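**Q** Below are the structure tokens for one structure; questions will follow.
The values are calculated or read from the model by the stated rules, or taken from the named source; none is laboratory data. As the structure is a computational prediction, the values presented were derived from the model and not from experiment. Positions of Cβ are backbone-derived with ideal geometry, glycine not excepted, and every protein chain shown enters the neighbour counts. For the accessible areas, the whole protein counts, side chains as well, though only heavy atoms, and no ligand, DNA or RNA atoms are used. Shrake-Rupley method; radii C 1.70, N 1.55, O 1.52, S 1.80 Å.
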Amino acid sequence: MLKITPYIGILVLIVSVAGLWYPILGYFMLLVFATLLLISPFRGRWFCGNLCPRGSFSDFWVGKITQNKKIPPVLRSFWVRIPIFLFMMGFMGYRLLQTHGLVNQIGMVFVIMCLTTTTIAILLGFSINPRTWCTFCPMGTLQHILGKDKYQVHLDEEKCINCKKCDKVCPMQLDVRKSLSKRDCIKCGRCIEACPKDALAFEN
Ligand code: SF4
Ligand code: SF4
Ligand code: SF4
């Protein structure tokens, strides 16, 4: 199975920082959007746990400096997530309309969006938990909606010994066995690897 690596995370820094001098790098964001839109109807938030550069950066780099606190449950609420989604998409659309189709200016809109959201993700990741941003990231919310209940982690209750090792390794701080029908699983597979009884597995 494809695994998220620390190296993918470097891409988010390249786009956010080098993009200020080379706005063309901002178009990388379009590749990200297209990839997650293609995958999510079949695999839910799989992109978040396996390919997203910012997810990788959060896990492997912010994870080294985080306070590792509990993510506030309110951030998972759609009363928070939908307004953030609408605001950010609306703001990006408004900025794109102001570019008059100029290639570098369009690229710079994406660069600034990437830099802004990455900065927020790092601050939240440091002060709370590496994946705090991912609980309400607009692209995570979109995948949550498009993915519905696709590719969920299935629990074999007869094998489970209630050791809770699965919960301890979940980067999204899900209650793994109670969240099996929830849509914010990022399909990282860490709970499956941690289970000593092979009680967990992905199912379509
Ligand atoms: S929630 Fe957003 S930042 Fe986090 S892994 Fe998914 S797409 Fe990337
Ligand atoms: S429930 Fe398992 S696969 Fe899903 S995010 Fe948590 S650890 Fe990863
Ligand atoms: S790690 Fe496996 S055995 Fe332990 S609580 Fe989770 S599902 Fe059950």
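**Q** So how many residues does the stretch 6-27 have that are free of Cβ contacts under 8 Å to residues at least 40 places away in the same chain and within 21 Å of the chain's Cα centre (by Cα)?
**A** 1
**Q** Is it fair to say Tyr7 is open to solvent by 50 Å² or more (accessible area, probe 1.4 Å) and under 15 Å from Leu115 (Cα atoms)?
**A** Answer is no for this residue.
**Q** What is the residue count in the stretch 30-47 for residues that are surrounded by fewer than 20 Cβ atoms within 10 Å (Cβ to Cβ) and aliphatic (A, V, I, L, M)?
**A** Residues that pass the stated criteria total 5.
**Q** Go through the stretch 128-166 residue by residue and tally those that are more than 24 Å from Phe87 (Cα to Cα) and either at pLDDT 95 or above or away from ligand 1 (no atom under 16 Å from the Cβ) (or both).
**A** 16
**Q** Confirm whether Val153 is open to solvent by less than 20 Å² (accessible area, probe 1.4 Å), among the hydrophobic types (A, V, I, L, M, F, W, C) and outside any loop (DSSP other than H, G, I, E, B). Spell out the reasoning first.
**A** On the way: open to solvent by less than 20 Å² (accessible area, probe 1.4 Å): yes; among the hydrophobic types (A, V, I, L, M, F, W, C): yes; outside any loop (DSSP other than H, G, I, E, B): yes.
Spelling it out, Val153 is indeed open to solvent by less than 20 Å² (accessible area, probe 1.4 Å), among the hydrophobic types (A, V, I, L, M, F, W, C) and outside any loop (DSSP other than H, G, I, E, B).
**Q** Same structure again: So, in the stretch 81-106, how many residues would count as being open to solvent by 40 Å² or more (accessible area, probe 1.4 Å) and within 16 Å of the chain's Cα centre (by Cα)?
**A** So the answer is 3.
Rundown of residues vs (1) within 25 Å of Phe33 (Cβ to Cβ); (2) not in a helix (DSSP H, G or I), yes/no style:
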| residue | (1), (2) |
| --- | --- |
| Phe126 | no, no |
| Pro130 | yes, yes |
| Gly140 | yes, no |
| Asp149 | yes, yes |
| Cys160 | no, yes |
| Ala201 | no, yes |
